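The values are calculated or read from the model by the stated rules, or taken from the named source; none is laboratory data. The model shown is predicted, which means the values in this text are computed figures rather than measured ones. Every residue, glycine as well, gets a Cβ built from its backbone with ideal geometry; the counts of neighbours run over all protein chains shown.
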C-alpha cells in the first residue's frame, strides 16, 4: 500500500493522503458556493478560506521547519496595506495587488529572516512577536498608511462581490497545492530535516539558514496574498484590522488542530475552527470566546497532534493512548 | 517604579518558561486575576491592598498548582506548541469568565492614602509608588532566598538543569512541576495586587504585561531571579526614556509617547540578535 | 600518488574554556586507508572528528582535505568536499521513516543536485539493504533499536557518496556477530575506495580492520603506526591501557 501511494506521489511528509483527498474534494465543492447566491455564506466561507491561506503560511515554517512564528500577522498586514496604498494611488485590481504584496512580503521576510532565524526555539518566536507588535505600532503612527485612522479602499460594486470569493478560493488552493508540492520535493525534506535535527541536517549538506529563510519567505507570501485579497474585499484597512491579534493566533491554532507539517492540516483546521467560531458567535453573542477557549483546551488535551494524525493513525485506541501518555509527566 | 512590579511579574513568567519550558500565555490573565482579588477584598472587606499581596499570591499559587497538576502536566512533554495553545485557551476562558463575574467596567482600588506623597530634592514621590517598589523588591529577594535555600527550591533548580537526573535523585516531577507553575501564578497574582494601586482594572488589563514579561525575560535571561530584576528595571528605564523621544523619519513625524512599545521592541530585537541568551544570560543549554 | 584525497591534520589545537581538548595534533591520512583513532575517554577523539568534519573550527592549526582548508568551508558544504561523518550520539530524524532519513543524505550530498527525488529514494533503498536495515525501511526512525540507529547513521553518511568517512563509535553496543557484520561492511565500503577514520573502543575490532592507528591521550598524539607496533608500544600501554586498568579496578571496588 505504501509503495503504491508513493508511486502516486502520496504519503511521506505530506501527511495522510486520505485527508488531502478529502480537502481537495471540499475545495471543489466550495467553488460552487456562489451559485447559492447567499451573501452571508459567501462571506463566512471567504473568511474560512482566508484563514486557511494564513494557516498554510504559518505551517510552512512552523509545521515543516519547526520554527514557531508568533508574528505571522505582520505579513497579512503587509499584504493588506499593499492593496490599500495601491488603491490610494487609484490602482484597484487584484492583478496588481497580489503580485506587489507577494514581492513586498518576500523581501521583508528575507531582510528580517536572515538575522532572526539564527535564533532558536522560543527566542525566534518572541522576535517575530516583537516584529508584529512593532509593525502595528508603526502603522498607527505613519501618515502614509493613514495612521490609526486607517485607509479606505474603493467600494466593491455589488456585482463584483463574488470575485473576491473566487480570488480567496484561488489563494487558498494555491497554498494547499503549493504545500503539497513542497512536501513532495527535496525542499520539503530539507525543511523537515531542520525540524528534526538541525545539526544532523547541516552535516548532511542542508544549509539551515537558506532553507529556513526560504520557508519563512514562502509562508510570508501565502499570508500576504490572503491580506491583499482581504483588504479590497473589506473596503477598509486600519492597524487593528491588518494586525489583529486573532489573525495572529488563529492560524497557529488551526494548523495544530488540523495537523502541523501536513498538506491537509491547515485547511481542515481552518474549516473546523473558523466555522465553529462563526457558529458560536451567532449563537452566543456575549460568551462565544468562553466556549472557544474551552474548545482549544479540549483540543490540546485530547488531540495534541491534530486531526490529520488521527486520520492516518494505525494501531487504533492503544496507539493513541500510548502517544498521549508520552506527553504526560 | 513600574520596573519593580514588572520584575515580579516577569520572574513568575521566567520561572515557568525557564524550568517547565512553557510559554504561559495566561500569565497576563493571572496578573489580572490578582488585581481583581485585591479589588474584591478591598471593596467587600476594606482590606488594605498591601495586605492582599500575600493573599493574592496564595490564592493564585493554589490555582496554578491545580491547573498544572490537572491539565498542563497531561501535555507538558508534547512539542512546545501544545502548552502554548493550552495556556492561550485558558487565558481566553478566564478573561471571559472575569467579564461575566466582574463585567467589563473599569475598576479602581483607591485607599485613603493613595494621594499622599513627599518631596525630595524637588521631585514629588507618591508614597504608594515607593511602597510598591519596596514590596516588589522584597518579593524578589524572598523568592531568591527560597530558591537557593529551601529543599524544594533546589529541586526546582535541579530540574531546570536535567529533568532525568533530578528524577533519578528522587524529585517528584509532577509535583515539582505543579509547584513551579503555582509559583509563577502566585507571583503574577502578587504583581497584579501591586498593580491595582496604580492602574485601573479591567479583564483585559493583563495583556500588555504578558508582552512586557516576555521582553524582560529575554533581556534578563531565562529562569534567573537576578535576570528578571535587572531586566525589569532596565525595561522600565528604556520605556520611560522612549516616551520622551520625538523623531522625524522620512518626513514622517513620530512622537515617542505613541512609539514607546516600538522602541522597547526594537531594543528587544537588538538584544536578541546580539545576545540570544540575555544580558545576564548563561550559555544556551 | 597525488596530493588529491589526502587529509592533512597540522598542529591542530582546540580549547574549551581553559582546557585544551586537543593540542598540537598532526598526522596524515592517505587515500584508501583505514585509520583507527583510539585513546582513553576524554582524550579528544570526538573533538578531532568535529574539527575534521567542520562542525567546529580549530583554535590552532588547520585541517586540509584534497588541498582545501576545512575551516574555510561552511559546515553544510563540507560534505560536498567528500567528507561524511556519523555522530557518536546518534541524531536520527525521528519523525521521518528510515528510508527518508537516508534519502535526505542523498538529496543534499555531493551529487544531490543532479539526482531526482526518486533517484534519492532508490539510492537510500540500496544503502539500507547494504547496511541491513531494509526490513525497517518504512518504519519511523524513532522506533529503531540502538544498534539499528548506529546502522542508520552509517547509511545516512554513505548516502552523501563520501570519499572520506568518519565513523564515531558505530560498533558500540553491538554483539560479537553484529561487530563482524559491521567490520565486513566497513571493508566493503573501503574496497570501493572510501577512506575511513574509525573511532572505536573495541580493541580487537579496530586492530583487525585498521591499516594504521593514531593514539590520542589528553588531547595529544602519543603514538602512530601499524597496529602491531601500537600494541607493542610502551607509551601506549602506559597511557592507554593503564588508564583502563585503573578504571576497571575502581569499578571493582564499588
What residue, among those in the range A:185-196 that are facing chain C (nearest Cβ under 7 Å) and either surrounded by fewer than 24 Cβ atoms within 10 Å (Cβ to Cβ) or within 19 Å of the chain's Cα centre (by Cα) (or both), is nearest to residue C:87 (Cα to Cα)?
A:196
Can you name every one of the strands (runs of 3 or more DSSP E) wholly within the range C:1-107 that holds 1 or more residues which are over 16 Å from the mean Cα position of the chain (by Cα) and closer than 28 Å to residue A:197 by Cα?
C:7-16, C:19-29, C:60-65
Name every residue in the range A:197-210 that is buried (at least 23 other Cβ atoms within 10 Å of the Cβ) and either assigned to a helix (DSSP H, G or I) or more than 14 Å from every other protein chain (Cβ to nearest Cβ) (or both), in order of residue number.
A:201, A:202, A:203
Of all helices (runs of 4 or more DSSP H) fully inside the range A:250-329, the set with 2 or more residues that are at pLDDT below 85 and facing chain B (nearest Cβ under 9 Å) is A:288-302
Just to be sure before I move on: is residue A:3 within 14 Å of chain C (Cβ to nearest Cβ) and either outside any loop (DSSP other than H, G, I, E, B) or at pLDDT 95 or above (or both) in the structure I sent?
yes
Across (1) within 14 Å of chain A (Cβ to nearest Cβ); (2) on the phi > 0 side of the Ramachandran plot; (3) free of Cβ contacts under 8 Å to residues at least 24 places away in the same chain, residue B:170 clears everything bar (1)
Consider residue A:133 against the criteria (1) away from chain C (no Cβ under 14 Å); (2) closer than 25 Å to residue A:271 by Cα; (3) touching a helix residue (DSSP H, G or I) at 6+ places or on another chain (Cβ under 7 Å); (4) modelled with pLDDT under 95: it satisfies all of them except one. Which criterion is unmet?
(2)
Taking the residues in the range C:170-195 that are at pLDDT below 90 and outside any helix (DSSP H, G or I) as candidates, determine which candidate is surrounded by the most Cβ atoms within 10 Å (Cβ to Cβ).
C:170
What is the number of the single condition among (1) at pLDDT below 95; (2) buried (at least 22 other Cβ atoms within 10 Å of the Cβ) that residue A:53 does not meet?
(1)
Residue B:215: passes all of (1) over 19 Å from residue B:60 (Cβ atoms); (2) touching a strand residue (DSSP E or B) at 6+ places or on another chain (Cβ under 9 Å); (3) surrounded by 24 or more Cβ atoms within 10 Å (Cβ to Cβ) but (2)
Report yes if residue A:241 is within 29 Å of residue A:158 (Cα to Cα), touching a residue at least 24 places away in the same chain (Cβ under 8 Å) and either within 14 Å of another protein chain (Cβ to nearest Cβ) or in a helix (DSSP H, G or I) (or both), otherwise no.
yes
For residue A:103, are the conditions met, namely being more than 8 Å from chain B (Cβ to nearest Cβ), within 30 Å of residue B:214 (Cβ to Cβ), surrounded by fewer than 14 Cβ atoms within 10 Å (Cβ to Cβ) and without any contact (Cβ under 8 Å) to a residue 24 or more places away in the chain?
no
Of all residues making up the range A:277-301, the number that are exposed (fewer than 13 other Cβ atoms within 10 Å of the Cβ) and either over 23 Å from the mean Cα position of the chain (by Cα) or touching a residue at least 12 places away in the same chain (Cβ under 8 Å) (or both):
4
Looking for whichever is at pLDDT 85 or above, assigned to a helix (DSSP H, G or I) and over 11 Å from the mean Cα position of the chain (by Cα) here; the options are B:188, B:160, B:165, B:193. Which one fits?
B:193
Which is more than 9 Å from chain A (Cβ to nearest Cβ), more than 16 Å from residue C:161 (Cα to Cα) and without any contact (Cβ under 8 Å) to a residue 40 or more places away in the chain, of C:75, C:69?
C:69
Return a yes/no flag: does the range C:131-147 have any residue that is over 23 Å from residue C:198 (Cβ atoms) and at the interface with another protein chain (Cβ under 8 Å from one of its Cβ atoms).
yes
Answer yes or no: is there a residue in the range C:89-111 that is touching a residue at least 40 places away in the same chain (Cβ under 8 Å), crowded, with 16+ Cβ neighbours inside 10 Å and more than 10 Å from every other protein chain (Cβ to nearest Cβ).
yes
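Okay, residues lined up against (1) within 30 Å of residue A:190 (Cβ to Cβ); (2) crowded, with 16+ Cβ neighbours inside 10 Å:
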residue	(1), (2)
C:12	no, yes
C:16	no, no
C:19	no, no
C:26	no, no
C:29	no, yes
C:41	no, no
C:63	yes, yes
C:70	yes, yes
C:80	yes, yes
Residue under evaluation residue A:165, criteria (1) buried (at least 19 other Cβ atoms within 10 Å of the Cβ); (2) within 9 Å of another protein chain (Cβ to nearest Cβ), criterion not met
(2)
By residue number, the members of the range B:94-115 that are within 14 Å of another protein chain (Cβ to nearest Cβ), touching a residue at least 60 places away in the same chain (Cβ under 8 Å) and not in a helix (DSSP H, G or I) are B:104
